[in-house]
Amino acid sequence: MASAVTTASPARVQRPGYGQLLRTPGAWTFLLPGFAARQPFAMLTISIVLLVGHTTGSYGAAGAVAAVTGVSMALCAPQSGKLADRFGQSAVLVPGVLIHAASGALLTALVLAHAPLWALFAAAVPTGASVPQIGPMVRTRWAAMLDRTPLMATAAAFESVTDELTFVVGPVLATALCTGVHPASGLVVEAALTLAGGLLFAAQRRTAPPANRLARRGVREPHTSALAVPGIRVLAVAFLGSGSVFGGMQVSLTAFTQEIGQPGMNGLLYGIFAAGNMLAGVACGAIAWRRSARRRLLIAYGALALACSVLWAAHSPLLLGGLGLLAGLCIAPALITGYTLVEALVPPTARTEAFTWLTGSVALGQAAAVTAAGQLADGFGASAGFTVPLAGTALALLTVVALRGRLVPRSAGHLGGPVAGGVAGRVAAPGPRGVDHRMPVAVD
């Protein structure tokens with residue numbers, strides 16, 4: 001049972017609010033362009049599904065092409081994060097957004113020209129590999145600006161809220177463009193936002209974390225991958241389950257609205273699901289949690305698996321909208337808690353890489369889900385596609401339960417900073433004349 005160890009006054013442990021966070025000098029210079037540049041993660045999959053599905057008439061083919069972009073992104077994102085830690089964000093971001101815009105335009109042209117499936121796969125590889133890792137880069141900027149301050153936990157929650165807002169705006173915008181303007185307009189706008197937002201974000205060098213100085217001087221230094229941390233491996237597997245929810249919902253909702261003859265409702269239903277993510281994210285950031293982050297992660301994935309267990313049984317838009325909202329309310333706490341744990345598990349020099357491993361896991365889970373859900377929807381109907389989020393979240397829950405012991409950091413000194421997010425244990429902060437002051441955190 002969770003309890004709290006504290007000798008401090010309540011005012012000392014109260015979490016600062018979003019207003020104080022957003023008044024951090026320089027924050028808005030990277031938040032606004034970062035919001036535009038992170039749209040690919042929310043728009044890319046659904047835009048590909050709608051365009052390829054329109055031209056081929058097959059959700060299986062559409063899901064397969066979208067899956068290739070997701071797998072490519074999942075494999076390349078951690079390498080992008082590692083390079084950003086080593087050489088700086090701008091050095092990685094500028095060529096990345098240029099490649100993404102060009103490869104996205106090529107993929108769009110090939111789909112419209114009814115090119116063979118292998119050609120679409122070939123174009124999808126660089127499109128996914130070059131998706132800019134804006135979310136992890138923004139999180140790393142917050143970490144560099146707010147390290148060792150109470151605002152770090154608020155920043156982690158705020159970024160998850162921003163991610164959920166992206167998933168509210170992106171799919172709805174892509175669906176409206178693809179169904180109301182032209183099937184290819186979703187990919188076109190996605191590439192344009194990536195290019196403009198990415199270049200503006202890269203130009204904000206004042207708030208960027210410093211690159212590894214030894215690497216810039218050509219000095220070889222030992223580097224341990226963030227994936228070598230056992231807790232990050234557990235979180236990466238768990239985030240596959242989160243990705244399965246996003247991918248399974250996108251394809252299955254598209255198939256469902258086609259089955260009932262109301263394709264225009266796709267954006268509305270997915271927007272309700274994403275709105276649940278955002279609302280839960282806002283609430284998570286406003287609560288001063290006393291339970292450990294590990295305990296919260298277990299509860300969040302249990303609730304998410306339960307919410308996804310009934311999606312397949314919904315046969316009306318109203319019921320599906322309500323169940324989608326419930327699933328959305330459950331997925332945000334799982335993501336927020338996982339990202340918060342990164343602060344406690346990984347040293348600052350590998351944070352961008354760690355964040356990209358988790359982002360890549362979401363993309364990989366999403367890729368697998370759109371493929372599986374597309375095949376199931378083609379063969380057995382939309383209801384079968386909704387079993388994919390259930391399977392993904394159940395496997396994630398089993399992983400977190402079985403390996404929960406690996407989600408506790410060994411020591412604060414190894415991490416390069418204080419334990420964030422209420423991780424189990426007590427952290428001794430040096431005080432005047434060597435006196436230790438015990439920081440209040442939750443323990444199991």
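Could you pull out the residue among 240, 253 that is assigned to a helix (DSSP H, G or I) and open to solvent by 10 Å² or more (accessible area, probe 1.4 Å)?
Sole residue among the options that is assigned to a helix (DSSP H, G or I) and open to solvent by 10 Å² or more (accessible area, probe 1.4 Å): 240.
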Requested in this report: Could you please give the count of residues in the range 91-105 that are surrounded by fewer than 18 Cβ atoms within 10 Å (Cβ to Cβ), touching a residue at least 40 places away in the same chain (Cβ under 8 Å) and small (Gly, Ala, Ser)?
Outcome: 2
Query raised in the report: In the range 367-376, what residues are more than 19 Å from the chain's Cα centre (by Cα), closer than 23 Å to residue 306 by Cβ and open to solvent by less than 10 Å² (accessible area, probe 1.4 Å)?
Result: 373
Report summary line: The number of residues in the range 200-210 that are open to solvent by 70 Å² or more (accessible area, probe 1.4 Å) and assigned to a helix (DSSP H, G or I) is 1
Report task. Please indicate, with yes or no, whether at least one residue in the range 130-142 is in a helix (DSSP H, G or I), basic (Lys, Arg) and in contact (Cβ under 8 Å) with a residue 24 or more places away in the chain. Result -> yes
Report task. Identify, from the list 390, 364, 319, the residue that is open to solvent by 20 Å² or more (accessible area, probe 1.4 Å), modelled with pLDDT under 85 and either small (Gly, Ala, Ser) or part of a helix (DSSP H, G or I) (or both). Result -> 364
Report task. Within the range 67-86, identify whether any single residue is closer than 23 Å to residue 255 by Cα, open to solvent by less than 10 Å² (accessible area, probe 1.4 Å) and in contact with a Pro (Cβ under 7 Å, 6 or more places away or on another chain), and answer yes or no. Result -> no
Query raised in the report: Looking at this structure, is residue 308 out of contact with any Ser or Thr (no Cβ under 7 Å at 6 or more places or on another chain) and at pLDDT 85 or above?
Result: no
Report task. Take residue 111 and decide whether it is open to solvent by less than 30 Å² (accessible area, probe 1.4 Å) and in contact (Cβ under 8 Å) with a residue 40 or more places away in the chain. Result -> yes
Report summary line: Given (1) more than 16 Å from residue 136 (Cα to Cα); (2) modelled with pLDDT under 80; (3) open to solvent by 70 Å² or more (accessible area, probe 1.4 Å), residue 228 misses just (3)
Query raised in the report: Of 172, 219, 181, which residue is at pLDDT 90 or above and of a type in the set (Val, Ile, Thr)?
Result: 181
Query - Condition broken by residue 121, with the remaining ones in (1) open to solvent by 10 Å² or more (accessible area, probe 1.4 Å); (2) within 23 Å of residue 198 (Cα to Cα); (3) assigned to a helix (DSSP H, G or I) satisfied - result: (2)
Report task. Test residue 160 against the criterion of being in contact with a Cys (Cβ under 9 Å, 6 or more places away or on another chain) and open to solvent by 10 Å² or more (accessible area, probe 1.4 Å), and give yes or no. Result -> no
Report summary line: In the range 139-173, residues that are more than 12 Å from the chain's Cα centre (by Cα) and not small (Gly, Ala, Ser) total 18
Report summary line: Scanning the range 175-191 residue by residue, those more than 21 Å from the chain's Cα centre (by Cα), of a type in the set (Gly, Ala, Ser) and either closer than 16 Å to residue 99 by Cα or open to solvent by 30 Å² or more (accessible area, probe 1.4 Å) (or both) turn out to be 176, 180
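Specify the residue that is surrounded by the most Cβ atoms within 10 Å (Cβ to Cβ); the eligible residues are those in the range 27-60 that are more than 21 Å from the chain's Cα centre (by Cα) and modelled with pLDDT of 85 or more.
It comes out as 50.
The values are calculated or read from the model by the stated rules, or taken from the named source; none is laboratory data. Please read these numbers as outputs of a predicted model, since none were measured by experiment. Please note: Cβ atoms are built from the backbone with ideal geometry, for glycine as well, and neighbour counts cover all protein chains shown. Ligands, DNA and RNA are stripped out before the accessible areas are found, and what is left, the full protein with its side chains, is counted by its heavy atoms. Shrake-Rupley method; radii C 1.70, N 1.55, O 1.52, S 1.80 Å.
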